[in-house]
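Quick notes on the structure that follows.
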Amino acid sequence: MKTKPCIGITMEMSAKKEKRLNFLDLAYAEAVERAGGKAIFLPSLTFPGGVKEICALIDGVVLTGGADINPSYYGEEINFPISLSPDQRTDFDLNFFKEAMNAGKAILAICHGLQLMNVALKGTLFQDLASQVPGSLVHWEKEINNPARHVVQVEAGSRLAEILNGKLEFEVSSTHHQAIKQLGEGLKVVARSPDGVIEGVEWPGHPQVIGVQWHPEKDLESEVTKKLFAALINTAARS
């Protein structure tokens, strides 16, 4: 029997005084398992050589959602209301992404994960869409912590369009108040919401890397979700 591709999944983190917790919605693992992969959660550990050793054990990566990256990572101060992710998580995820990228692993970056990938490639973020992008859609009902629903439009001829069998417009589940401002080096925008906010990127020359701003794992029965995770697993199986 052919071994299932192992997919490393980064985790959200909270740090209060001496207590540090890693946690994550199981839907990410369910999406990986349904697509034929083996899900492996990755704690935000920092120790010499650890990232390289872990990366050698997996075939692909899901960079997951989470709280806001400290703006210091992209050369800015905090100027708008944000909820910071612990630097320990950011440091681990940045190092892990770079190691996975250099190793040619299949990567699916989701929401916070897309933003982290953009920052790793020297891009910047809107710290708060409602404050910085006049007329932007509601991308998250933050006050009641509910996902928003809106349309995403995909560029024809893109790798993302190919993965989705030519489906260029569909509704998604959205839980973010930040987004890409300055695009990271080498990335290409391939999807937007109707307000112009970047919803999908890819990396020409690196077809195994896809990033989306929405949360496909929140729509497990969606054909878009199934195709995104199937593409991750299929690419990982060839890596």
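For A29, indicate whether it is among the aliphatic types (A, V, I, L, M), crowded, with 19+ Cβ neighbours inside 10 Å, assigned to a helix (DSSP H, G or I) and free of Cβ contacts under 8 Å to residues at least 40 places away in the same chain.
Values: among the aliphatic types (A, V, I, L, M): yes; crowded, with 19+ Cβ neighbours inside 10 Å: yes; assigned to a helix (DSSP H, G or I): yes; free of Cβ contacts under 8 Å to residues at least 40 places away in the same chain: yes.
Yes; evaluated as a whole, the condition is true for this residue.
Can you tell me which residue within segment 164-211, out of those that are without any contact (Cβ under 8 Å) to a residue 24 or more places away in the chain and farther than 30 Å from L84 by Cα, is surrounded by the fewest Cβ atoms within 10 Å (Cβ to Cβ)?
G205
Exactly one condition in (1) closer than 20 Å to S83 by Cα; (2) in a helix (DSSP H, G or I) is not met by A161; state its number.
Every condition holds for A161 apart from (1).
Could you tell me which residue of segment 134-158 is farthest from H176 (Cα to Cα), considering only residues that are assigned to a loop (DSSP other than H, G, I, E, B) and at pLDDT 95 or above? I'd like the intermediate steps shown before the answer.
Of the residues in segment 134-158, the ones assigned to a loop (DSSP other than H, G, I, E, B) are 134-139, 145, 155-158.
From the residues that got through so far, the ones that are at pLDDT 95 or above too are 155-158.
Working: E155: 22, A156: 25, G157: 27, S158: 24 Å.
That would be G157.
For L129, all conditions in the list (1) touching a strand residue (DSSP E or B) at 6+ places or on another chain (Cβ under 9 Å); (2) without any contact (Cβ under 8 Å) to a residue 60 or more places away in the chain; (3) within 18 Å of A67 (Cβ to Cβ) hold save one; what is the number of the exception?
So the condition that L129 fails would be (2).
If I go through segment 78-119 residue by residue, how many of them are over 19 Å from V32 (Cα atoms), touching a Gly at 6+ places or on another chain (Cβ under 6 Å) and not in a loop (DSSP other than H, G, I, E, B)?
Going through segment 78-119 one residue at a time, the tally reaches 2.
Can you tell me which residue is nearest to the chain's Cα centre (by Cα) among those in segment 132-163 that are of a type outside the set (V, I, T), loosely packed, with under 15 Cβ neighbours inside 10 Å and more than 22 Å from V224 (Cβ to Cβ)?
Among residues in segment 132-163 that are of a type outside the set (V, I, T), loosely packed, with under 15 Cβ neighbours inside 10 Å and more than 22 Å from V224 (Cβ to Cβ), the one nearest to the chain's Cα centre (by Cα) is N145.
Those residues that are more than 19 Å from Q153 (Cα to Cα) and surrounded by 20 or more Cβ atoms within 10 Å (Cβ to Cβ), I need them from segment 212-228; list them, please.
Filtering segment 212-228 down to residues more than 19 Å from Q153 (Cα to Cα) leaves 220-221.
Residues satisfying the conditions do not exist here.
Would you be able to say whether some residue in segment 69-80 is more than 19 Å from E12 (Cα to Cα), over 16 Å from the mean Cα position of the chain (by Cα) and crowded, with 19+ Cβ neighbours inside 10 Å?
Yes; the residues of segment 69-80 include at least one that is more than 19 Å from E12 (Cα to Cα), over 16 Å from the mean Cα position of the chain (by Cα) and crowded, with 19+ Cβ neighbours inside 10 Å.
The values are calculated or read from the model by the stated rules, or taken from the named source; none is laboratory data. Note that the coordinates shown come from a computational prediction; the quantities given were computed from them, not determined experimentally. Here Cβ is always computed from backbone atoms with ideal geometry, including for glycine, and neighbour counts include all displayed protein chains.
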